[in-house]
Amino acid sequence: MKLKAEHEWVTRGYVIGFMTNKGVILDLDNMKFKKARWLARTLCKQYKLEGYLLIKSSEKNYHVVFNRYLSWRTITKIIFRQYEALRWAVFQMQSGYLTLRISMKNGENKPKIVLKVGKADKLIKDYLEVYEAFKEF
Amino acid sequence: MARKPQWIKDKLKKLKETKPKRRLKVYGTRRIGHREHWVVRGKGTYKTVRRDKKGHFISVKKWSPKQPIKEQTFTELKPLVIPYTTGREALEKVRETVREWEWIDFEAES
């Protein structure tokens, strides 16, 4: 049984990423749908993040975008409390922005929206605008 | 706690205003150098001179700016950051930037 999904490098062409430093987004790797949903729901309640968008980036890998705009200080606090996304968070902090992939990687695995809960008028709106624009990529 | 001086406040305010709020990142391996142009003035050639600690001459080597020193210097991994305001504008900008560069395919070792 394969426990951990191996990291896949960008070996063909290019990848487009959505960058933000205004709100919380998470990259949840090696996780089942139920756990990803539970994590998104808990964070949304705990920090009053107004709503969330759950995206399936590939098999057992999910992305979460929360609606509320926050300061960089609060974002770092929230992200570093999540053990599941710690490694990703460290790399993101180095650049000063959080990034999620919105296009295909090596010609496959286009992120798909799985679940939309709560309000979607702030960061989720920004994300969806770009997501819709880059549907073909 | 000491207050921030006015000139720092102004600078921060200006930075906030000028910084675009929405950004996209394009990443992958791309070839650089195709749009760099070297201009060699006159007929003189560039030479690198090797000297020892005391400054005595050891050897001289011809160096041409038209050719790269190493092949590695011509690949770039840094992501391209594209500011935008609307989705449509982002699409146009990304298409333009992607076309500008030559993207390299390779086999990952690990």
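Tabulated values for the structure
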{"quantity": "Condition check for A:Thr20: within 14 Å of chain B (Cβ to nearest Cβ) and either surrounded by 19 or more Cβ atoms within 10 Å (Cβ to Cβ) or not β-branched (Val, Ile, Thr) (or both)", "calculated": "yes"}
{"quantity": "Set B:Arg35, B:Arg95: member being modelled with pLDDT of 80 or more, loosely packed, with under 14 Cβ neighbours inside 10 Å and either of a type in the set (S, T, N, Q) or outside any strand (DSSP E or B) (or both)", "calculated": "B:Arg95"}
{"quantity": "Residue count, the stretch A:106-136 (criterion: out of contact with any Gly (no Cβ under 8 Å at 6 or more places or on another chain), facing chain B (nearest Cβ under 10 Å) and outside any loop (DSSP other than H, G, I, E, B))", "calculated": "3"}
{"quantity": "Residue in the stretch A:45-53 that is at pLDDT 90 or above and among the hydrophobic types (A, V, I, L, M, F, W, C) present", "calculated": "yes"}
{"quantity": "Of all residues making up the stretch A:8-59, the number that are charged (D, E, K, R), in contact with a helix residue (DSSP H, G or I) (Cβ under 9 Å, 6 or more places away or on another chain) and not in a strand (DSSP E or B)", "calculated": "4"}
{"quantity": "For A:Leu100: the one exception among (1) within 11 Å of chain B (Cβ to nearest Cβ); (2) outside any strand (DSSP E or B); (3) of a type in the set (A, V, I, L, M, F, W, C)", "calculated": "(2)"}
{"quantity": "Single residue of B:Lys53, B:Lys61, B:Lys16 found to be modelled with pLDDT under 70 and farther than 27 Å from A:Lys105 by Cβ", "calculated": "B:Lys61"}
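Every residue, every condition in (1) in contact (Cβ under 8 Å) with a residue 12 or more places away in the chain; (2) buried (at least 21 other Cβ atoms within 10 Å of the Cβ); (3) within 14 Å of chain B (Cβ to nearest Cβ), yes or no:
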| position | (1), (2), (3) |
| --- | --- |
| A:Val10 | yes, no, yes |
| A:Ile25 | yes, yes, yes |
| A:Thr42 | no, no, no |
| A:Gln46 | no, no, no |
| A:Leu49 | yes, yes, no |
| A:Lys56 | yes, no, no |
| A:Lys77 | no, no, no |
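The values are calculated or read from the model by the stated rules, or taken from the named source; none is laboratory data. Note that this is a predicted model, so its numbers are computed, not measured. No Cβ is skipped: glycine too gets one built from the backbone with ideal geometry, and neighbour counts run over all protein chains shown.
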